[in-house]
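Everything on this sheet refers to the single structure shown next.
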Amino acid sequence: MAKKCIFFLLLTLALPYASGQTVLEDTRKELVSPDGNYHFVFYQKQFPNEAKQMYYTLSYQGKMVIEESELGVLIENQFFESALAIPNDTSKIWGENLSLTAMETKAVDETWYPVYGEREKVRDHYNELVLKFQKGGVPETENASAVPAAGQGQAYDKRQYYYMDLVVRAYDQGVAFRYFFPEATNGLFLHIVGEQTQFTLPEGTSAYYERWAQGPYKLLPLNDWKDESERPLTMKLANGLTVALLEAEMVDYARMKFCFTGENRLQASLYGSVDVITPYRTPWRVIMAAEKATELIENNDIVLNLNPKNKIEDTLWIKPGKVIRVSRLTQADAIKCVDFAAERGLQYIHIDAGWYGSEVLISSDATSVAENRDFDMPELVSYAASKGIGVWVYVNQRALVQQLDELLPLYKEWGLKGIKFGFVQVGNQHWSTWLHDAIRKCAEHGIMVDIHDEYRPTGFSRTYPNLLTQEGIKGNEEFPDATHNVTLPFTRFLAGAGDYTICYYDKRIKTTHAHQLAMAVVYYSPLQFLYWYDQPSAYQGEPEIEFFDKVKTVWDDTKVLDGAIGEYITIVRRSGEEWFVGTMTNNDARKVSTSLDFLDTGTKYVANIYTDDDAVQTRTNVRVIRVIVDSKSVLPFQLKPSGGCAVHLIPADNEDLKKYEKI
């Protein structure tokens, strides 16, 4: 077991209470979601040594989701410890010995319109509970009525009051909570070394364990874990619920993972310590539950809702799109990619690692093309612009750290549209803060961003939508199998967009080609790489490539029609009057039927259907069928092992009705 997990286990065992606790009924507070399905209960317990501790439980539709679990923050502050006068206090644990002084509630129901997304509008509807706590004894010269209001931080002699709020929001989509430290007049400095935040699951829970952000998944009982697990963490409960634990608005903190500490208990495990000055809000801890796992995917807007509103006033320059990578770093090959992009309905080319020198050397200078490359960047950008194509470039974090302030105005002058950040350091507070500050700086210069490697989203794209997408996913760079691919929508994609880097022609892919086509619909990424390992010359007139030509990367509506974790998935998305359907199965063959009842009633559509068929005499063995359908139609498919199918639906005109057969 990892050292951090052992630390939390020892901490739990070392707490100065194990039995004889009493629930303080006057601290019991409840919060219910607008639809009444989620029921959050908070309370404190007092122990024989007079210590008090915070707890919570959570249920969904009457079924237990989180059993009694601790809340709190672990803080090491010499001044903090010496200033408080609390008998028997374990000062390091802020969640202990807090006195509940006030409570606030409110209800919010708003609708906002994202710059882009999986839906054209998002409802932000929740009930909120704020519990206000005081830590510190009442001065001898004062009585309880003299306690200063939360946040004033008034001192008497050398004794000090400190304050913390627990903020809880209950949505129909899930429940989230965070800790807030109001401003103190002495500018209280906090050295946070961890959290007490726990998630105690019902007996019999299994989780889709993933050790690192680009790792494989394995469904394991909690007590079979060998180390920490990534987030989002999706779990199957014995009561039939599917539950996911996530993190939102993590911009200047240490990223969270999950430790198993025994007795079905998971502990929030931080990458490292955090140093902050009040006022300060920790990231949100998010819990989602559903009777059907597909509902988690449809409810993933909760992560965006837990982030601040868009702070970029002029967003017209933020343009999602499809992209092909230029891996052969020559001017001639880049121009071929520009021409291919223009012909095939793509919006961007991407100049990959190595264009300015070795990405792993500090001496590499990202302000100029390497001497061994024949790129003329301004000329290439100008040619691409003449074809309506934008240019992105890869820059490793080594160069970004040294040169970002110099690079951004230069890249703006060159006419570049975006930067892919490579090999970013993630996890600790320093690099989390640096990364999000870098995205803000890019926004100031009209530069879009794609983050590769281990970074996982927590909703920052709502606040700074120039962050189009990010990796943090085991994608086609590593050629995972189909079972992994149909696990991702229920796990990684709950957190936000994922840059899977779709391949098509590469012989190393472990799926059928129709499976790859369907990914462009199932996997949401506003910047969608479609030909990661492919060259323009790979295309030899395969008719199904028209699906990639037509598919979009952002949507007006999204529906999850059916699916099961690690088995199969069917997602439909709408752009204007067009609908796109993606279905993927795991390593097994499967029969699926797709009802088209999501279509407008009374409208006829042309269904362009793309399926695997070994009888088709092309390298890719994909058959293209066109038929007339309507909202009453049902499309049956026999999927091959590791297969899939894709469908493009457009309103039919009179000529279409004459030309194609009706199902």
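The values are calculated or read from the model by the stated rules, or taken from the named source; none is laboratory data. Computed from a predicted model, the values in this text were never measured in an experiment. Neighbour counts are summed over all protein chains in view; Cβ atoms, including those assigned to glycine, are modelled from backbone coordinates with ideal geometry. Areas reflect the complete protein model, heavy atoms only, side chains present, ligands, DNA and RNA absent. Shrake-Rupley method; radii C 1.70, N 1.55, O 1.52, S 1.80 Å.
Brief remarks on what is shown
- For segment 175-237, applying the loop criterion from DSSP together with a ceiling of 15 other beta carbons within 10 Å to the chymotrypsin sites (Phe, Trp or Tyr not before Pro) yields W212.
- In nm, spacing of pseudo-spin labels at A589 and V360 (7 Å Cα→C-beta vector): 4.5 nm
- Qualifying GluC sites (Glu not before Pro) in segment 163-244, DSSP loop, other Cβ atoms within 10 Å at most 16: E183, E203
- Extreme residue, positive dipole direction of segment 314-394, given options V323, F375, V360 (C-beta unit charges): V323
- Cα centroid of segment 272-318 to Cα centroid of segment 440-513, whole Å: 17 Å
- Sites matching chymotrypsin sites (Phe, Trp or Tyr not before Pro) across segment 549-601 that sit in DSSP coil, with at most 16 neighbouring C-beta atoms within 10 Å: F598
- Measuring nothing but how far apart in sequence close Cα pairs (under 8 Å, 6+ apart) lie, relative to its length, segment 179-236 scores a relative contact order of 30 percent.
- Here the chain exposes an accessible surface that is 48 percent carbon and sulfur, computed with a 1.4 Å probe and the other protein chains kept in place.
- Once C-alpha pairs closer than 8 Å and six or more residues apart are averaged by separation and normalised to the residue number of segment 255-341, the relative contact order reads 13 percent.
- Only protein heavy atoms count here; on that basis, with a 1.4 Å probe, K226 has an accessible area of about 150 Å².
- With Cα atoms, 0 to 90° folded angle of helix 429-444 axis to the chain main axis: 50 degrees
- Cα gyration tensor, segment 445-579 - rounded (a/c under 1.5), prolate or oblate: rounded
- From the alpha carbon centroid of segment 371-438 to that of segment 564-601 is 36 Å.
- Rolling a 1.4 Å probe over the protein heavy atoms gives segment 394-531 an accessible area of 25 Å² per residue.
- Residue-averaged [θ]222 nm for the chain, counting only DSSP H segments that reach four residues, each worth -39500 (n - 2.57): -5000 deg cm²/dmol
- Our estimate of slack between I277 and A538, defined as 0.36 nm per intervening residue step minus the Cα-Cα distance, is 88.4 nm.
- In terms of packing, defined here as the mean over residues of other Cβ atoms within 10 angstrom, the peptides 584-595, 377-388, 295-306 line up highest first as 295-306, 584-595, 377-388.
- By accessible area with a 1.4 Å probe, ligands and nucleic acids excluded, highest first: order of E128, E578, E371: E371, E578, E128
- Anisotropy class of segment 542-620 from Cα gyration tensor, a/c 1.5 cut: oblate
- FRET efficiency, E120 to K311 (Cβ-Cβ, R0 30 Å, nearest 0.05): 0.90
- What you get for segment 308-404, charging only the Cβ of Lys and Arg (+1) and of Asp and Glu (-1), is a dipole of about 460 debye around the Cα centre.
- Computed from the C-beta positions of K659 and E128, the FRET efficiency with R₀ = 56 Å rounds to 0.50.
- Karplus-derived HN-Hα couplings along segment 612-626 (A = 6.51, B = -1.76, C = 1.60, θ = phi - 60°), whole Hz, x at Gly and Pro: 6, 7, 5, 6, 6, 8, 10, 5, 9, 6, 10, 9, 10, 10, 10
- Tensor-based shape of the chain (alpha-carbon gyration tensor, a/c under 1.5 rounded, otherwise prolate or oblate): prolate
- The modelled label-to-label distance between Q617 and S575, using points 7 Å beyond Cα along the C-beta direction, is 3.4 nm.
- Relative contact order for the chain, counting Cα pairs under 8 Å that sit 6 or more residues apart, in percent: 10 percent
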